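Novice: What follows is a structure written as structure tokens; I'll ask about it next.
Here, each number is a calculation from the coordinates, and none is a lab measurement. From a predicted model like this one, the values you see are computed outputs, not experimental measurements. Heads up, the Cβs are rebuilt from the backbone with ideal geometry, glycines too, and the neighbour counts pull from every protein chain shown.
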Amino acid sequence: MTEEIKLKADIREEASEEKVSQLRRGGRIPAILYGPDTKNVSIIVDEKAFKGAISTEHGENALIKLTVGGKKPVTTIVKEIQVHPVTTKIIHIDFCQINLAEKVEVEVPLEFEGEAPGVKEEGGVLEHIIRKIRVRCLPTIIPDKFELDVSGLRIGDVLKIKDISAVEGVEILADPEAIAVNLVAATEFKEPEEAPEQAEPEVIGKEKKEEEAEAVEPKEKKEKSEAAKPAEDKKDKKEKQGN
């Protein structure tokens, strides 16, 4: 039977966000306790003591004997741990009271063992697709972890959920065909090639227009000159007659 870890908690009165922040700065973590035989209770636990409770081989799936305000202890498991997105400090915990004779659903870590030849010899990369496996079992037989041996993988190979060794009494709820890890070829990064320098385009249209303008201009001048000549001849004729 899995050993239960003892942890004390105090009742937490409703308080402002500033008060809660002060508690956190003082090394205390706000939490809640709920379960089939327990009304929701707002509590607070010591941060150092809680981290010690989940630092065993059972991790976050440890069975915690929680004593709240000096009352009779209840057996719990951690259902959720909320962490700050920037500091990663724990900011809230959900404890769920359980019955040791009833099955629970929890997530068990998936770890990979061995050295894949596809990595060592072929320069491939292991992609860890799934890192936790959801299971259903009695609280006393929750596995500490699942292991998958990758020592036979080459580029293009995969391991699926169904490749995990079965544990008696533990039902794996994940899709057996889901890929847990695959081995892919490393992506080769290439520097972008510089585009060749392009010669300036020859402005043919402009030069053609200029040539046409030069060709048209003398013709227009000639036409104007010839149009003006008869008028000049007529003028000279009148002047002679006048004389």
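Novice: Run the simple label-point estimate for Thr56 and Tyr34 please: 7 Å along Cα→C-beta, distance reported in nm.
Specialist: 2.6 nm
Novice: To check you understand DSSP bridge types, tell me what percent of the beta bridges within the range 1-98 (both residues inside) are antiparallel, rounded to 5.
Specialist: 65 percent
Novice: Just grab the label-to-label distance for Glu18 and Asp149, each label 7 Å out from Cα along the Cβ direction, in nm (one decimal).
Specialist: 6.2 nm
Novice: Only loop residues by DSSP count here, and only those with at most 13 other Cβ atoms within 10 Å; note down the trypsin sites (Lys or Arg not before Pro) in the range 93-180 that meet that. Don't skip to the end; give the middle numbers.
Specialist: Values: sites: Lys103, Lys120, Arg131, Lys132, Arg134, Arg136, Lys145, Arg154, Lys160, Lys162; in loops: Lys103, Arg131, Lys145, Arg154.
Here the trypsin sites (Lys or Arg not before Pro) that fit, given the DSSP loop and packing criteria, are Arg131, Arg154.
Novice: Another question about this same structure. Only Cα pairs under 8 Å and at least 6 apart count here; give the relative contact order of the range 103-190 as a rounded whole percent.
Specialist: Contact order relative to length: 38 percent.
Novice: Something else about it: Between the range 77-154 and the range 21-55, what is the C-alpha centre distance in whole Å?
Specialist: 23 Å
Novice: Right, something else. Glu115 versus Ser165, label points 7 Å from Cα toward the beta carbon: distance in nm?
Specialist: Those two pseudo-labels are separated by 2.2 nm.
Novice: Go through Lys89/Lys132; Lys19/Lys132; Lys6/Lys71; Lys39/Lys132 and tell me which ones have a Cα-Cα distance over 25 Å in this structure.
Specialist: Lys19/Lys132; Lys39/Lys132
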